[in-house]
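Chemist: Let me begin by handing over the structure; questions about it come next.
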Amino acid sequence: MADEELKKYRLSSMEEPSDEMLEALMEKVGAAARESSRKAEEAMDRMRAEVASNIARKKLRLGLL
């Protein structure tokens, strides 16, 4: 299904989506959710690494390592 057709259709529309359109819409939603989850996981990994690095630096400064 063409992106233009999907953009024209709104879920609040009074007409029911075709099975093909509904499948295409759900695939786009799924792809967006997977991408969002991937980005969130990458952000969490960066934050964990930064926290671990900060802890190691503070331990070094305090002579705990």
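The values are calculated or read from the model by the stated rules, or taken from the named source; none is laboratory data. What you are looking at is a predicted structure, and each value in this text was computed from that prediction instead of being measured. Neighbour counts are summed over all protein chains in view; Cβ atoms, including those assigned to glycine, are modelled from backbone coordinates with ideal geometry. For accessibility, only protein heavy atoms count, side chains too; no ligands or nucleic acids. Shrake-Rupley method; radii C 1.70, N 1.55, O 1.52, S 1.80 Å.
Chemist: Does region 14-30 hold any residues that are surrounded by 11 or more Cβ atoms within 10 Å (Cβ to Cβ), assigned to a helix (DSSP H, G or I) and not small (Gly, Ala, Ser), and which are they? Steps first, please.
Modeler: Here is the first cut: in region 14-30, the ones surrounded by 11 or more Cβ atoms within 10 Å (Cβ to Cβ) are 17-18, 21-28.
Filter once more, keeping what is assigned to a helix (DSSP H, G or I): 21-28.
Scanning region 14-30 gives Met21, Leu22, Glu23, Leu25, Met26, Glu27, Lys28.
Chemist: From the list Val29, Val51, which residue is within 21 Å of the chain's Cα centre (by Cα) and of a type in the set (Val, Ile, Thr)? Walk me through how you get there before you give the answer.
Modeler: Details: Val51 fails: within 21 Å of the chain's Cα centre (by Cα).
That would be Val29, the only listed residue that is within 21 Å of the chain's Cα centre (by Cα) and of a type in the set (Val, Ile, Thr).
Chemist: Okay, next question. When you look at Gly63, is it out of contact with any Ser or Thr (no Cβ under 6 Å at 6 or more places or on another chain) and at positive phi, yes or no? Give the steps one after another, and end with the answer.
Modeler: Working: out of contact with any Ser or Thr (no Cβ under 6 Å at 6 or more places or on another chain): yes; at positive phi: yes.
Yes: the conditions hold for Gly63.
Chemist: In region 31-65, how many residues are open to solvent by less than 100 Å² (accessible area, probe 1.4 Å), modelled with pLDDT of 95 or more and over 30 Å from Asp3 (Cα atoms)?
Modeler: Here the count works out to 10.
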